[in-house]
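Only one structure is covered here, and it is reproduced in the block below.
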Number of protein chains: 2
Amino acid sequence: MSSTGEPLLGAIEAGGTKFVLAVGHSPTKIIARHEIPTRDPVTTLVQAGDWFVAQGVINSLGIGSFGPVDLNRSSPLWGHITHTPKPGWAKCDVAGYFADRLGVPIGFDTDVNAAALAEYQYGAGKGASSLAYVTVGTGIGGGLVLDGRAVHGAAHPELGHIFLRRHVEDHEFAGICPYHSDCLEGLASGPAIKARWGASLSELPTDHIAHEIIADYLAQLAHSLIAMTAVEIIVFGGGVMKTEGLLERVDQRAAELGAGYFPGGSKHKIVSPGLGQNAGLAGALMLAPLV
Amino acid sequence: MSSTGEPLLGAIEAGGTKFVLAVGHSPTKIIARHEIPTRDPVTTLVQAGDWFVAQGVINSLGIGSFGPVDLNRSSPLWGHITHTPKPGWAKCDVAGYFADRLGVPIGFDTDVNAAALAEYQYGAGKGASSLAYVTVGTGIGGGLVLDGRAVHGAAHPELGHIFLRRHVEDHEFAGICPYHSDCLEGLASGPAIKARWGASLSELPTDHIAHEIIADYLAQLAHSLIAMTAVEIIVFGGGVMKTEGLLERVDQRAAELGAGYFPGGSKHKIVSPGLGQNAGLAGALMLAPLV
């Protein structure tokens, strides 16, 4: 409890590159924020724990984590990162560490589900029925909010791993996904772009075919999301989406692919994050149990 | 109210080929059932209405309809079929006709959402977190139940219209979907199979490449459903799925495509309908408002 009497909530946006930490009274009332680089698990978790201890007593903690993660509350691996290729992090008990160290209830979900929840509630999805949050960077991932709740199914979405109709000018490249070769992540993530053309998308001239190819693939993702879930708002974030003109290309290509067929019509929108870089952290605060 | 004092519910599974009508006390207690061929809207709706009138007074009616349909309760077109190519049925007010004729509250959803609800509650999905119902026949469609509720998003899924990675032996065929050419429905529906190979899948010898190609495409659908929603149970029904060995081929191919990546692991299952031909009608009864 803070001096104001309002509960103080903690939040961690646990990414593969950095951990973003915060305490606040609500997702829109952040009091303090701190970033640490993601090193090995022990170093990273202890450093994060130290920071929270220094903030005073928090009531609960929400964690939005990179994954895959185990979200099954009745599983002994709940709150763990499962089989990431990131050295040391496979089977890491992220939630358990903070539960022990801080002695507070923990909310835990994927980083992208957290971001989707925040965008749905406070960002690009305000007033909409449903929202998908897609991030295109080192990998391609996403979270989905339908009827106000993050979709979990048997675990959580891994939407970067769908297969696509190959672009007519892109039949040679084998793809770089270690599991699926030429799935979306294997074809359109930052490293896949670099492997194919030796540069990031924003470094390539605007008339380079790469822009058209990547936009086509991301538009197919949007098209499939609409076909499968009729989701209303699709937010595209992440490093690759900073490429000038890419969002507009994706939007235009998705309209071409849809060909006016979907019954949701103009309700389906492809947009940038309404919360900018803050969706993941705000979402992690939303995950903190209210106790 | 029936003579037993239990409310009597009506149900319509409104398909493009036939309307299946029923009255019952619950989705598992059907008292009478009747089928009529789908002709023009006036003939069909009047005939269906006559049958219900002859059954005595019902308390409410559930309709699972072919589509696309308008499911937005605040839309003037709620309960209408929207832009079907089926002559006469575009903009047909199916729900409105029965509301006027029978004077009872109407529940309305897609035929495949109804089937998904019934399979989830009483069929292949009993005890699971989530279920998708896919039908592969004249068209390819599906419904999705997550957290016990049918997914609507901005309207309803149209999951037959995703794009796919083309099979290496199937690059020539242009596809027959009038909207998307080589989407899943354009490549793997009954008419697409006939257009490509001059026969239905079950008429082709078991070593014909068609079996491998169609299984690959349907497995990609299952793979994408899992990637996007982590759905636990995927039910495949419809005429094409009666092809011997097809479900097993789809299951095996989906496992190959997934390559053990998805965090839901062995929870994801590809199965036949648990309710056989009755899922749609049972689901329509589930849609009947309890008044």
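Quick look at the numbers
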read-out	value
Inter-copy spacing of A:Glu203 label points, which lie 7 Å from Cα along Cα→Cβ, given in nm from shortest upward	5.7
Residues A:Ala174 and B:Asp147, FRET efficiency given R0 of 30 Å [Cβ-Cβ distance, rounded to 0.05]	0.20
Convex hull volume per residue for the protein assembly as shown, taking Cα atoms only, in Å³	157 Å³
Residues of the range A:124-272: accessible area per residue with a 1.4 Å probe, Å²	36 Å²
Summed side-chain charge close to A:Thr206 - residues other than A:Thr206 whose Cβ falls under 12 Å, Lys, Arg +1, Asp, Glu -1	-4
Listed residues A:Leu71, A:Leu61, A:Leu218, most fluctuating in chain A (Gaussian network, C-alpha, under 10 Å)	A:Leu71
Cross-link table A:Lys18/A:Lys91; A:Lys18/B:Lys267; B:Lys242/B:Lys269; A:Lys242/A:Lys269; B:Lys29/B:Lys126; B:Lys86/B:Lys242, entries beyond 23 Å C-alpha to C-alpha	A:Lys18/B:Lys267; B:Lys86/B:Lys242
Pseudo-label separations to other copies for A:Ala259 - Cα-to-Cβ vector, 7 Å, nm	3.1
Positive-end extreme of charge dipole, chain B - chosen from B:Gly143, B:Leu218, B:Leu281 (charges on Cβ)	B:Leu281
DSSP loop trypsin sites (Lys or Arg not before Pro) with at most 15 other Cβ within 10 Å: longest gap in chain B	B:127-291
Percentage relative contact order, chain B, counting C-alpha pairs under 8 Å, at least six apart	21 percent
Residue-count net charge about A:Gly49 - beta-carbon cut-off 12 Å; Lys, Arg +1, Asp, Glu -1	-1
Karplus-derived HN-Hα couplings along the range B:247-260 (A = 6.51, B = -1.76, C = 1.60, θ = phi - 60°), whole Hz, x at Gly and Pro	4, 5, 5, 4, 4, 5, 5, 5, 5, 4, 5, x, 6, x
Accessible area buried, both sides summed, chains A and B with 1.4 Å probe, Å²	4100 Å²
Vicinal HN-Hα couplings computed from phi for the range B:207-212 (Karplus, 6.51 cos²θ - 1.76 cosθ + 1.60; Hz; Gly/Pro x)	8, 6, 4, 3, 4, 5
Rounded to 5, percent antiparallel among DSSP beta bridges of the range B:124-272	55 percent
Gaussian network model of chain A, springs between alpha carbon atoms under 10 Å - residue of A:Val46, A:Val235, A:Val23 with greatest fluctuation	A:Val46
Antiparallel DSSP beta bridges within the range B:1-122, as percent of all bridges there, nearest 5	60 percent
Descending Cα extents along the principal axes, the range B:159-291, whole Å	54, 33, 30
Angstrom value of the Kirkwood radius, inverse mean 1/r, which spans all Cα pairs in the range B:23-154	15.9 Å
Bins of 5 Å, starting at 0 and running to the largest distance - Cα pair percent for the range A:7-49	6, 23, 31, 19, 13, 7, 1
At 7 Å out from Cα toward Cβ: A:Ala90 inter-copy label distances (nm, ascending)	5.5
Among beta bridges that DSSP assigns inside the protein assembly as shown, antiparallel share in %, nearest 5	60 percent
15 Å beta-carbon shell around B:Trp89, net charge (K/R +1, D/E -1)	0
nm² value of the averaged projected area, convex hull over the Cα atoms of chain A	15.2 nm²
Estimated distance in nm for a label pair at B:Arg101 and A:Leu77, the labels positioned 7 Å out from Cα along Cα-to-Cβ	5.4 nm
Longest segment of chain B lacking GluC sites (Glu not before Pro) that sit in a DSSP loop with at most 12 other Cβ atoms within 10 Å	B:1-168
Relative contact order (%) - criterion: Cα under 8 Å, at least six apart; region: the range B:12-107	24 percent
Linear extension gain, A:Lys29 paired with A:Ser200, 0.36 nm per residue minus alpha-carbon span	58.0 nm
Cα-centre dipole for the protein assembly as shown with unit charges at Cβ (Lys and Arg positive, Asp and Glu negative), debye to 20	940 debye
List A:His156, A:His34, ordered by accessible area with a 1.4 Å probe, largest first	A:His34, A:His156
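The values are calculated or read from the model by the stated rules, or taken from the named source; none is laboratory data. Quantities reported herein were computed from a predicted structural model and do not represent experimental measurements. Every residue, glycine as well, gets a Cβ built from its backbone with ideal geometry; the counts of neighbours run over all protein chains shown. Quick note on the areas: whole protein, heavy atoms, side chains included, nothing else; ligands and nucleic acids left out. Shrake-Rupley method; radii C 1.70, N 1.55, O 1.52, S 1.80 Å.
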